[in-house]
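Beneath this line is the structure, given in structure tokens, with notes to follow.
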Amino acid sequence: MSAPLLFDRALHRKRLDRAASGFAAADFLQRRAALDLIERLEVIMRDFPVAVDLSARKGALREALADSPAKDRIGVLIEADLSAAMLAGRGGPRLVADEERLPFAPGSLDLIVSTLGLHWTNDVVGALIQIRRALKPDGLFLGAFLGGSTLTELRQALTDAEGEILGGAGSRVSPFADSRDAAGLLQRAGFALPVADVDRVNVSYEHPLRLLADLRAMGETNVLADRHPRALTRALLARASEIYAERFAGSDGRIAATFEIVTLTGWAPHASQQQPLQPGSAKMRLADALGVVEHRLPRDE
């Protein structure tokens, strides 16, 4: 069975193309995620001769890598993005590629990094399976995507404003995966040693319209396939801004915006990796290891 069509990928490409020229004005999330991914790479003491940066955008990961000791352990870094405009204007190996249809041969890559792009795929597990297949055995995947708490304030303000003005709410803000399910996504895709972490980023703005401007500059505006058929009106935006300020403004009058970055680490399976022990195979009791007396619990009669 094919995955449900949640996002209009063609529209997403157009939004990224449009955002490319001004992306640097609002790339703080991309840079934060890239720095975090590079920090994780720094503690892994091995070489990666061929690496791919998915959702490379304007090159935040490459720039973070250039200032890191990990750069000496990366051979070739191929920057890939859905948008050709995002890749334009710089050197190095670059490739226009869709995360839903990766062009890499099975077992051809040592490292794949995905920086804030997977939350726009219609089938995240399917994309992760393609990534795992493209990796060599014991190859590494590092990924970051936006999680479920992202833009919760904006979602609430728009929903309530539409309820007041239109009598019902439509789809204005993209749904994001629950961070609690993140490690399970890697397991379902066949990765070994899965790890998931969450970084909640709180940003303040002088007005909700400034937040919307940043989202447009990031290429992160609504591309739901079943998005609301009616465009945002001035009246709706004005009321949503009022609700936003009433509920989420601080003492200084600035409004809060939450972004949740979920970071994944997983390895393509290999026989040399640590394996969980079979139940009953332990050679020492836990009580002996802790130096305590074991007491059996009474059984229910």
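The values are calculated or read from the model by the stated rules, or taken from the named source; none is laboratory data. Quick caveat: nothing in here was measured; it's all calculated off a predicted structure. With ideal geometry, Cβ positions are generated from the backbone for all residues, glycine too; neighbour counts draw on all protein chains shown. Note: areas computed on protein heavy atoms with side chains; ligands, DNA, RNA excluded. Shrake-Rupley method; radii C 1.70, N 1.55, O 1.52, S 1.80 Å.
I need the full set of residues from the stretch 108-132 which are farther than 14 Å from residue 56 by Cβ and small (Gly, Ala, Ser), in order please.
108, 126, 127
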- Task: List every residue pair whose Cβ atoms sit under 9 Å apart, with the two residues 6 or more apart in sequence or on different chains, where the first one lies in the stretch 142-154 and is free of Cβ contacts under 8 Å to residues at least 24 places away in the same chain and buried (at least 23 other Cβ atoms within 10 Å of the Cβ) and the second, anywhere, is assigned to a strand (DSSP E or B) and not aliphatic (A, V, I, L, M).
- Result: none
- Selected residue (criterion: surrounded by the fewest Cβ atoms within 10 Å (Cβ to Cβ)) from residues of the stretch 103-132 that are free of Cβ contacts under 8 Å to residues at least 60 places away in the same chain and farther than 15 Å from residue 185 by Cα: 105
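One residue is enough: does the stretch 268-277 have a residue meeting the conditions more than 26 Å from the chain's Cα centre (by Cα) and at pLDDT below 60?
yes
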- Query: Can you tell me which residues in the stretch 127-145 are in contact with an Asp or Glu (Cβ under 8 Å, 6 or more places away or on another chain) and either under 18 Å from residue 83 (Cα atoms) or at pLDDT below 95 (or both)?
  - Reply: 127
- How many of the residues making up the stretch 1-42 are out of contact with any Ser or Thr (no Cβ under 7 Å at 6 or more places or on another chain) and charged (D, E, K, R)? 8
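For the stretch 155-188, name all the residues that are among the aliphatic types (A, V, I, L, M) and at pLDDT below 90.
Filtering the stretch 155-188 for residues among the aliphatic types (A, V, I, L, M) gives 157-158, 161, 165-166, 169, 173, 177, 182-183, 185-186.
Scanning the stretch 155-188 gives 165, 166, 169, 173, 177, 182, 183.
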- Reported set for the stretch 200-227 where residues are open to solvent by 40 Å² or more (accessible area, probe 1.4 Å) and assigned to a loop (DSSP other than H, G, I, E, B) is 206, 207, 225, 226, 227
- If you take the residues of the stretch 113-165 that are in a loop (DSSP other than H, G, I, E, B), touching a strand residue (DSSP E or B) at 6+ places or on another chain (Cβ under 6 Å) and hydroxyl-bearing (Ser, Thr, Tyr), which of them is nearest to residue 27 (Cα to Cα)? 150
